[in-house]
């Protein structure tokens, strides 16, 4: 039987160079629009979810199901009291 050394080598990571003032300024400039894009994505997602909820809750069949569920819950809690 032979032994294999595959996967037993250790690698060392070199430390990242310190950020100079110019590098920090460049990094901030590169990421400047990221927050605006994140806000836009969240706004679109919230509007989409709101639209879907409005569509679902205004459907007469769904409204009837929710009303029956609510009435069943009220009757259940009235019996407990």
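Over region 31-80, what number does the Rg to Rh ratio reach, with both radii from the alpha-carbon atoms and Rh per Kirkwood?
1.37
In plain terms, the chain from residue 13 to residue 70 could stretch by 14.4 nm, reckoned as 0.36 nm per residue minus the Cα-Cα distance.
Values quoted throughout were computed directly from the atomic coordinates according to the rules given, and no laboratory measurement underlies them. A quick note: this is a predicted structure, and the numbers were derived from the prediction, not measured.
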